[in-house]
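Working notes for the structure below.
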Amino acid sequence: MNETTRIEPAMRNKKPAEVPPNVLDLESEIGQVLQRQTPVPVVMPATSNVGELGRMSAEAVLTQYEAAARSVEEMGQDVKVRIQKLEAALTECHKDMQIITECAQMIRDKGKLVQAQIEEASAVSADIRSACVEFKRKVGA
């Protein structure tokens, strides 16, 4: 059984909700992993107890591993670009939320102004009504 066959069942059983990715820390984690790893030389040093066929096979395997490592690093760059896009979108969302908050406050302020105008008009109307009643009483008396 090769290594891929052993890994695939474990990956199939994982649910995405079990390990939520933290997008903000992902870039720094990738950087830390890449700093810890030392580059693998593509050419193996010659050893006296390995035959030519063994050395060539080992170099071929090592070349494949190096290619896989570079592919993973490229994926890391793709993730980095996506993180930058997410950060830009998050910044835009914060700006939008600020506009929404300001708009809601303007609506509240306008509502208070309209309420005050209605109360003032109602008070003026009540004053006019009482003045009319008083005037009728004086004229009709």
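All of the numbers you see were taken from the coordinates with simple rules; none came from a lab. Here the structure is a predicted model, which is why all the values come from computation and not from measurement. Reconstructed Cβ throughout: ideal geometry from the backbone, glycine too, with neighbour counts over all protein chains shown.
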Under the 7 Å Cα-to-Cβ spin-label approximation, Glu92 and Val133 lie apart by a distance in nanometres of 6.2
Rg (Å, one decimal) plus Dmax (Å, integer) for the alpha carbons of segment 53-94? 18.3, 61
Summed residue charge, Cβ within 12 Å of Ala131's Cβ, Lys/Arg positive, Asp/Glu negative: +2
